[in-house]
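The values are calculated or read from the model by the stated rules, or taken from the named source; none is laboratory data. Being a predicted model, the structure only gives us computed values, none of them experimental. Counting neighbours? That spans all protein chains shown, and the Cβs are built from the backbone with ideal geometry, glycine included. To get the accessible areas, we keep the full protein, side chains included, count just its heavy atoms, and leave off ligands, DNA and RNA. Shrake-Rupley method; radii C 1.70, N 1.55, O 1.52, S 1.80 Å.
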Amino acid sequence: MKNRLEELRKERGIKQEELAAELEVSRQTIGSLENGRYNPSILLAFKIARYFGMRIEEIFIYEEDAK
């Protein structure tokens, strides 16, 4: 799954630490999300979407394997 988290955060001038504090997660979690090493729980995905005033699908992009 890809996401636009880093792009959205930087557009708004928000540091990883600030976003982590708002979402009540660690800065490492934000970094892992941005680097695609971690997929959020559905609850965290909703919190992120609400924080940015967007739908989950606008932030997280699910790509099925091409078969």
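Could you tell me which of the residues 57, 63 is of a type in the set (D, E, K, R), out of contact with any strand residue (DSSP E or B) (no Cβ under 6 Å at 6 or more places or on another chain) and either open to solvent by less than 70 Å² (accessible area, probe 1.4 Å) or assigned to a loop (DSSP other than H, G, I, E, B) (or both)?
Details: 57 fails: either open to solvent by less than 70 Å² (accessible area, probe 1.4 Å) or assigned to a loop (DSSP other than H, G, I, E, B) (or both).
It is 63.
Restricting the search to the range 31-41, which residues are open to solvent by 80 Å² or more (accessible area, probe 1.4 Å) and either without any contact (Cβ under 8 Å) to a residue 12 or more places away in the chain or assigned to a helix (DSSP H, G or I) (or both)? Result: 35, 37, 38. Taking the range 21-30 as the range and being open to solvent by less than 30 Å² (accessible area, probe 1.4 Å) and either of a type in the set (Asp, Glu) or under 9 Å from the mean Cα position of the chain (by Cα) (or both) as the test, only 30 passes. I'd like the full set of residues that are among the hydrophobic types (A, V, I, L, M, F, W, C) and more than 22 Å from residue 63 (Cα to Cα), limited to the range 9-48. 14, 19, 20, 21, 23, 25 - these are the residues of the range 9-48 that are among the hydrophobic types (A, V, I, L, M, F, W, C) and more than 22 Å from residue 63 (Cα to Cα). The single condition from (1) open to solvent by 100 Å² or more (accessible area, probe 1.4 Å); (2) assigned to a helix (DSSP H, G or I) that residue 44 fails is (1). Report yes if some residue within the range 3-20 is exposed (fewer than 12 other Cβ atoms within 10 Å of the Cβ), part of a strand (DSSP E or B) and touching a strand residue (DSSP E or B) at 6+ places or on another chain (Cβ under 6 Å); otherwise report no. The answer is no; no qualifying residue exists.
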